[in-house]
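We did not get these values from a lab; they are worked out from the coordinates using the rules stated. Please read all numbers here as calculations on a predicted model, not as lab measurements. Methodologically, a virtual Cβ is constructed for each residue, glycine included, from the backbone with ideal geometry; neighbour enumeration extends over all protein chains shown.
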Amino acid sequence: MTAHSPPRRWSDDLDGIRWLPRLIDKAKMDSGGALGAYLFGHSPIDRALLERLGVTTAQFAAIVAASPDDAAVLSALRARGFDDARVRRWSDRLPAPYQVFIRIIDVDDGYVAPSAFVGLFLKAFRAVEHGLMSFVRRISPAP
């Protein structure tokens, strides 16, 4: 991840836990002041994973800040204790409840090419994206 690259793709995993690498990247982007329009801890997918890991957004951010790499983040989370089987079940099912969001995220981040309709939607969305995400952060604080 570079300063201007998106977080890792939703499907990237860390020891079988999808979304965790993306969440780590967003925590790093947030602490470095480079989060931009991305949500960290506010999105329904972030919230679902954080809840299953048994940490708040602030606790997760502190773990990431104190860890030299992904393996150390996972080790610190495991040391706190979470139900590994529950997290893996959630990870295995991840695409199903969030299909529309995941498709939009993949296109917006440049991981897949947009269809004509999605391309038009994203063009309109990008015009209001930063303001909309700021509004979401204000009305829905990260847990």
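Summing +1 for each Lys or Arg and -1 for each Asp or Glu among the other residues whose beta-carbon sits under 13 angstrom from that of Ala96 gives +3.
Arranged from fewest to most other beta-carbon atoms within 10 Å of their beta carbon, Val73, Val112 become Val112, Val73.
The 3J(HN,Hα) values that the Karplus relation (6.51, -1.76, 1.60; θ = phi - 60°) gives for the range 76-90 are, in residue order, 5, 5, 5, 5, 6, x, 8, 7, 4, 5, 5, 5, 5, 4, 4 Hz. Gly and Pro appear as x. Packing here is the average count of other Cβ atoms within 10 Å per residue, and on that basis the peptides 32-38, 8-14, highest first, run 8-14, 32-38.
Label separation (Ser31 vs Ala48): 2.6 nm, computed from points 7 Å beyond Cα along the C-beta direction.
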